[in-house]
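Data block below; observations after.
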Amino acid sequence: MQANPLREGPRLGSPPAPVSLVIYGATGDLTQRKLVPALYSLAQEELLPATINIVGFARRPWSDEDFRAHLLDGVQHYARYEVADSHGAQWTGFADDLYYVQGNFDAREAYGQLDHFLAQKAAERGMPDNRLYYLATPPEYYAEIVESMGALDMSRDRDSGWRRIIIEKPFGVDLSTAQSLNGVVHKVFDERQVYRIDHYLGKETVQNILVLRFANAIFEPVWNRRYVDHVQISVAESVGVETRAGFYDKAGVIRDIFQNHALQVLTLIAMEPPVAFEADAIRDEKVKVLRAMRVIQPEEVPSSTVRAQYEPGTVDGERVPGYCDVEGVAPHSQTPTYAAIRWFIDNWRWQGVPFYIRSGKRMPLRATEVAIQFKRPPHLLFAAHESASDDAMRANVLAIRVQPDEGISLRFEAKLPGQGVIRRPVTMDFRYRTSFGIADPPEAYERLLLDAMLGDATLFARSDEIEHAWRQVDPILNAWQSSDDPLLEVYEAGTWGPEGAEKLMARDGRQWRRL
Amino acid sequence: MVQIFQTEPRQVSVQDVREQLRSLWMSEALTDRAVIRAHTHNLIVYVPATLGDINQAMERVIKATLLRPGRVILIHADSTGVDGLNAWVTTYCRPVKNHKVCGELVALAASGHLRDEVHSTVSSLLLPDLPVVLVWLDQPSMRDHLFLELLEETDRVIFDSSRSEHIVETLRAQSLLPARFQIGDLTWARLTPFRRLVAHLVDEIGAHTLVSRLSSVHIEVVSKAVPSSAVLLAGWLADSLKWEFNKAESTSSSMTLRYSTSQDAVSVKLNAVESGTVPHGTIMRCVFQGAAGAAFISLTYVPERACIELTNMLDGLSERRHGYAAGPVDAASALAEELDFGYDPVYRRALQAAVNAFV
């Protein structure tokens, strides 16, 4: 089809082609709290396709109307745009495109009905039969759903329309299950049809890492082992496990944060410049980083990792129970809710530069940050600070705040006004909100759903990326399971984690940044 | 209606503007909500005194810049008065969740001969390293010293041709500005919802189908005489679909533009219609008609439902109606769009196509 000449120019863009978005597990939290509010916000910004069917598939015996009412509640609570009037054009125009098909995930005939419904709806509306399937179910259903779609030939691109699938994390629980799931998926879908979602990659600040690095000339020359002392990636959460206790107790912090979000951020920080701003060019470079990361050997696990679990404490002025006291958590659970890990990347750029990653639940505040700490000047003209640690504290740091209060700051030394030469650290700050006057940036899911509809896989993980990430964390998980070294430490809820994490840094003559 | 928090404008001496702004921000920081002081751009807004007094100008500018606040320098100019230059400063914010997103306004009332000299004061108030955008709410003239001086300071200039009673002269003056000046028009931004829906239709049916069936386009706009919005919409269609202009006929409230196309010929009829409640310049209807004069696609603005209703009656498809939430674009949204997207070469081409029809 020829390009539409009326779409020329920067303002009208090219919206995705008409599509049926099928959400498996549509009665769950993810659909109500994230997916449909994101779609509603996209609709308000006229970024959705000209024609779209949003089709929920789940077990509950709901009608279209039940489904719409359930989603209206979610949109009212979680969308960036208000629904001023549930009978007004904004909501009804959107809700008219919402449909519900009831079926069990293990019942093949239900997929047949769904397939028929989609084809019929596309014909009725005079639209191509493009389909984007979204797996928003618990992961144990992924294989079943994919195989069922394969059995009914629902996955093959055809003249009447393309087929794509979005798969939510977790993608496997270790390398072997990830490979097995990739195997199942690849029997039914080509890799180019698969969009593995990690919502961290949809965050503005994470995307801005690439712009910061590759749209500016001043950072790249110092972005290497010659100037960088170490890198810290911190993902702190103030929340506990709450409604996810059942999942979390099996997963723990490594599977929940490290294997996906944290390593994704690490690859963006450490990657080489891609040859183009294209999905595979960028993903190729990310994979090279994962391949170059030194796998932590079992005997190195005690000295390179720390694990811990939170005990009762106070967060935001409220008393909170310890992890093992949360409903749904096994009474003597050994699941870590905190981990700190030191990795090295064996390549020319990063040889010898440690990457420290820490993440924990029930910390004093929610904050995700990447800090590039630079080396100190080779020769200091000025009087040293009171202590060596004070000096380390005052090295130049480029801090990328992913959330909240998204922005970038550069810390450097300045002379305190007055007599003598007294140095003080100061910062140059860039804050998204103040620089762009925006208090409410788009949600990550908005960007990712739109990209999947447009067929842009840049912000989605490829199968080899997923598997290499598991190769990094599997040895740690295995060592933790088979040995008591390092011990599972405890930390009080509302603190920055266990003593072992401080020692991990102190052994290298470094310390964690205060978030 | 968006709530606006604003400090009372303080009249200050021109030399004290920066100091007074600092003190206003200090007091703003003590309020209960977190204050976000936006630093995105310098916006110079030129308003001739004929459009109202300084207080009215400040109120209008604050409303119009609410969505994209920054440092706004308002020039309220009266070349006929006695020589004088007065300044006011104020900060203003809109609530967004638990925050207030704020901008700052410096208003300069320049009269008499000082009107032509106010550019030097404006220069001294610009924040460094941020883009400078001039919004010129008057007829542009290459003989106007102040206009030329400000042009040299700016990265972009935005007009509002909808205000003009002499659209031919206004659009021609805009089109004659050298290409090195990146020009924009709030009227163009106001057309975006309609343009998007027309593009949307062409996504579905294909440009070739549209042109092969088309014999005329009928556009109705709220106005007493045909306004710039209608002319620009016609210019956009003509330029995008590669129509060659043949001739124009006009009356006091209508205009017919005739083009030849790759297939045949097409006429675009622009009609000014009255409406009590709908803002001036709003496109009410755009109907695409086939050879026998039968409409096959229409877009109609329905004020009661605040939507544009799109009806597709193409062969092979049953008549389909769909409402898209869209209404007249207010000044704040139009300015936000112009600032967000920056220079739009499609606008420049649409403007040129529109102007060609009058030569």
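Some notes on this structure:
- Answer residue from segment A:215-245, given it is assigned to a helix (DSSP H, G or I) and surrounded by 15 or more Cβ atoms within 10 Å (Cβ to Cβ) and is modelled with the highest pLDDT among those: A:A245
- So A:V301, is it within 24 Å of A:Y227 (Cβ to Cβ), in the same structural domain as A:W470 (by TED's automatic domain parsing), outside any strand (DSSP E or B) and among the β-branched types (V, I, T): no
- A:Y248 at pLDDT 95 or above, over 20 Å from A:L290 (Cβ atoms) and hydroxyl-bearing (S, T, Y): no
- Test: residue in segment B:62-83 that is under 30 Å from A:P441 (Cβ atoms), under 29 Å from the mean Cα position of the chain (by Cα), of a type in the set (K, R) and more than 14 Å from chain A (Cβ to nearest Cβ): yes
Results for (1) farther than 30 Å from A:Y78 by Cα; (2) surrounded by fewer than 19 Cβ atoms within 10 Å (Cβ to Cβ), shown as yes or no for each residue.
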| site | (1), (2) |
| --- | --- |
| B:Q3 | no, yes |
| B:S23 | yes, yes |
| B:I73 | yes, no |
| B:S79 | yes, yes |
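- Scanning segment A:414-424 for residues that are loosely packed, with under 14 Cβ neighbours inside 10 Å and touching a strand residue (DSSP E or B) at 6+ places or on another chain (Cβ under 9 Å) yields a total of 6.
- A search for C-beta distances below 6 Å between a residue of segment B:281-305 that is away from chain A (no Cβ under 14 Å) and any residue that is of a type in the set (D, E) and buried (at least 17 other Cβ atoms within 10 Å of the Cβ), counting only pairs 6+ apart in sequence or on different chains, returns B:M284/B:E220; B:R285/B:E220.
- Test result for B:T277, more than 18 Å from B:F194 (Cβ to Cβ), within 21 Å of the chain's Cα centre (by Cα) and not charged (D, E, K, R): yes
Condition check ((1) surrounded by 21 or more Cβ atoms within 10 Å (Cβ to Cβ); (2) within 17 Å of A:V235 (Cβ to Cβ)) across all residues:
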| site | (1), (2) |
| --- | --- |
| A:D316 | no, no |
| A:D325 | no, no |
| A:Q334 | no, no |
| A:T337 | yes, yes |
| A:N347 | no, no |
| A:W350 | yes, no |
| A:Y356 | yes, yes |
| A:S359 | yes, yes |
| A:L365 | no, yes |
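- With respect to being under 16 Å from A:L268 (Cα atoms), modelled with pLDDT of 95 or more and crowded, with 21+ Cβ neighbours inside 10 Å, A:I145 falls outside the description.
- Test: residue in segment B:219-241 that is surrounded by 21 or more Cβ atoms within 10 Å (Cβ to Cβ), within 21 Å of the chain's Cα centre (by Cα), within 14 Å of chain A (Cβ to nearest Cβ) and among the hydroxyl-bearing types (S, T, Y): yes
- Scanning segment B:186-206 for residues that are within 13 Å of another protein chain (Cβ to nearest Cβ), of a type in the set (A, V, I, L, M) and either within 27 Å of the chain's Cα centre (by Cα) or in a strand (DSSP E or B) (or both) yields B:A189, B:L191, B:L197, B:V198, B:A199, B:L201, B:V202.
- Condition check for A:S14: hydroxyl-bearing (S, T, Y), surrounded by fewer than 17 Cβ atoms within 10 Å (Cβ to Cβ) and within 14 Å of another protein chain (Cβ to nearest Cβ): yes
- Boolean, A:V275 is outside any helix (DSSP H, G or I) and among the hydrophobic types (A, V, I, L, M, F, W, C): yes
- Single match in A:S409, A:S435, A:S463 (criterion: touching a residue at least 40 places away in the same chain (Cβ under 8 Å) and either outside the structural domain of A:A262 (by TED's automatic domain parsing) or surrounded by fewer than 21 Cβ atoms within 10 Å (Cβ to Cβ) (or both)): A:S463
- Scanning segment A:414-464 for residues that are on the phi > 0 side of the Ramachandran plot and away from chain B (no Cβ under 14 Å) gives A:G418, A:G420, A:G455.
- Where a residue in segment B:333-359 is over 15 Å from B:Q174 (Cβ atoms) and its partner, wherever it lies, is assigned to a helix (DSSP H, G or I), with Cβ under 6 Å and at least six apart: B:A334/B:L186; B:A334/B:A189; B:A334/B:R190; B:L335/B:A64; B:E337/B:A189
- For segment B:166-219, the tally of residues that are free of Cβ contacts under 8 Å to residues at least 12 places away in the same chain and among the acidic types (D, E) stands at 1.
- Looking across B:V211, B:V221, B:V168, one residue alone is in contact with a helix residue (DSSP H, G or I) (Cβ under 7 Å, 6 or more places away or on another chain), outside any loop (DSSP other than H, G, I, E, B) and either at negative phi or not assigned by TED's automatic domain parsing to the domain that holds B:R349 (or both). It is B:V221.
- Annotation: A:D174 fulfils all but one of (1) in contact with a Leu (Cβ under 9 Å, 6 or more places away or on another chain); (2) buried (at least 22 other Cβ atoms within 10 Å of the Cβ); (3) at pLDDT 95 or above; the unmet one is (2).
- Here A:T31 meets each of (1) surrounded by fewer than 19 Cβ atoms within 10 Å (Cβ to Cβ); (2) on the phi < 0 side of the Ramachandran plot with one exception, condition (1).
- Filter result for B:R156 (within 19 Å of the chain's Cα centre (by Cα) and either touching a residue at least 12 places away in the same chain (Cβ under 8 Å) or more than 14 Å from every other protein chain (Cβ to nearest Cβ) (or both)): yes
- Residue match in segment A:116-129 (condition: more than 14 Å from chain B (Cβ to nearest Cβ), among the aromatic types (F, W, Y) and touching a Pro at 6+ places or on another chain (Cβ under 9 Å)): no
- Extreme residue, farthest from the other protein chains (Cβ to nearest Cβ), among residues of segment B:25-52 that are at pLDDT below 90 and buried (at least 17 other Cβ atoms within 10 Å of the Cβ): B:E28
- Which numbered condition A:R342 fails, given (1) more than 26 Å from A:E406 (Cα to Cα); (2) in a strand (DSSP E or B); (3) of a type in the set (D, E, K, R); (4) in contact with an Asp or Glu (Cβ under 8 Å, 6 or more places away or on another chain): (1)
- Inter-residue pairs, beta-carbon under 6 Å, first more than 20 Å from A:I296 (Cα to Cα) and in segment A:486-511, second of a type in the set (V, I, T) and outside any helix (DSSP H, G or I), 6+ apart: A:A493/A:V315; A:A493/A:V320; A:G494/A:T314; A:G494/A:V315
The values are calculated or read from the model by the stated rules, or taken from the named source; none is laboratory data. Keep in mind the model is a prediction, meaning the values are calculated, not measured. Because the Cβ atoms are built from the backbone with ideal geometry, glycine has one as well, and the counts that use them run over all protein chains shown.
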